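**Student:** Below is one structure. I have some questions about it.
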Amino acid sequence: MQLQKKICLLGMYSVGKTSLIERFVYHRFSDHYLSTLGAKVTKKSLQISASDGQQIEYNLLIWDIAGEETENKIPPSYLLGAAGAILVADLLRPETIEALPSVLERFKEINPGAAVVLAGNKKDLLQDIESDSKEILRLAHQLKLPCHLTSAKTGCQVDSVFSALASSLLSRDEANQVISPPKKKAKTRQAKDQKR
């Protein structure tokens, strides 16, 4: 079964949203910073197993949305219809972590039933992972959201954060009965005749 889902990567400027997408989709990383203007859409398919064993292929339309000082500058049309989001913060810039609750609130106003995962990016630059990741992990606990410490540069946890979002999408789709169990094939007359 194939399902198409729009997902958004959100967060302040220069947190590594574009780099996470580049790593996930194309398996590459560049140290050159290019600011995203508006939004850029990239496609990637991801397979995941449903609870009944069915293989579900999610065709993800990944919206890389330009970071702003305030999320109110993002046009609502960029967020409209998103099934999920990865909220990204730079682990070295506490203000990007502090901005996530307002980013989440804005996103949920437009997409109340959407799945959300947090990504604390630039893990490779941390001196003390336990100490330097405390704030985002505390926020994830407070918001009751899954959180992954990622590095677009090394690829650490990049696939995992997208897979976690896909798993959340799957859980919601199963709960909303978007995914139905595979239909049992009717016995053919030939099979019935062979049993006689």
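The values are calculated or read from the model by the stated rules, or taken from the named source; none is laboratory data. Since the model is a prediction, treat every value here as computed from it, not as a measurement. Please note: Cβ atoms are built from the backbone with ideal geometry, for glycine as well, and neighbour counts cover all protein chains shown.
**Student:** For the stretch 168-184, which positions are hydroxyl-bearing (Ser, Thr, Tyr) and at pLDDT 95 or above?
**Tutor:** The initial filter retains those residues of the stretch 168-184 that are hydroxyl-bearing (Ser, Thr, Tyr), namely 168, 171, 180.
SER168, the sole residue that qualifies.
**Student:** Evaluate the following for ASP173: is it of a type in the set (Asp, Glu), in a helix (DSSP H, G or I) and crowded, with 17+ Cβ neighbours inside 10 Å?
**Tutor:** Details: of a type in the set (Asp, Glu): yes; in a helix (DSSP H, G or I): yes; crowded, with 17+ Cβ neighbours inside 10 Å: yes.
Here the answer is yes, as ASP173 does meet what is asked.
**Student:** For ILE56, state whether it is modelled with pLDDT under 95, within 20 Å of LEU170 (Cα to Cα) and of a type in the set (Val, Ile, Thr).
**Tutor:** Numbers: modelled with pLDDT under 95: yes; within 20 Å of LEU170 (Cα to Cα): yes; of a type in the set (Val, Ile, Thr): yes.
Against the criterion (modelled with pLDDT under 95, within 20 Å of LEU170 (Cα to Cα) and of a type in the set (Val, Ile, Thr)), ILE56 qualifies.
**Student:** Within the stretch 88-118, track down each residue that is among the small types (Gly, Ala, Ser) and outside any loop (DSSP other than H, G, I, E, B). Explain how you work it out, then say what you get.
**Tutor:** Going through the stretch 88-118, the residues among the small types (Gly, Ala, Ser) turn out to be 89, 99, 102, 113-115.
ALA89, SER102, ALA115, listed by residue number.
**Student:** Anything in the stretch 106-165 that is touching an Asp or Glu at 6+ places or on another chain (Cβ under 8 Å) and of a type in the set (A, V, I, L, M)? List them, or say none.
**Tutor:** Result: LEU126, ALA152.
**Student:** Follow-up. How many of the residues in the stretch 144-164 are more than 15 Å from the chain's Cα centre (by Cα) and either in a strand (DSSP E or B) or among the charged types (D, E, K, R) (or both)?
**Tutor:** Of the residues in the stretch 144-164, 2 are more than 15 Å from the chain's Cα centre (by Cα) and either in a strand (DSSP E or B) or among the charged types (D, E, K, R) (or both).
**Student:** Taking SER133 as the residue in question, decide whether it is crowded, with 18+ Cβ neighbours inside 10 Å, modelled with pLDDT under 95 and small (Gly, Ala, Ser).
**Tutor:** Yes; evaluated as a whole, the condition is true for this residue.
**Student:** Mind checking whether some residue in the stretch 127-136 is outside any loop (DSSP other than H, G, I, E, B) and touching a Lys or Arg at 6+ places or on another chain (Cβ under 8 Å)?
**Tutor:** Yes, there is a match, as at least one residue in the stretch 127-136 is outside any loop (DSSP other than H, G, I, E, B) and touching a Lys or Arg at 6+ places or on another chain (Cβ under 8 Å).
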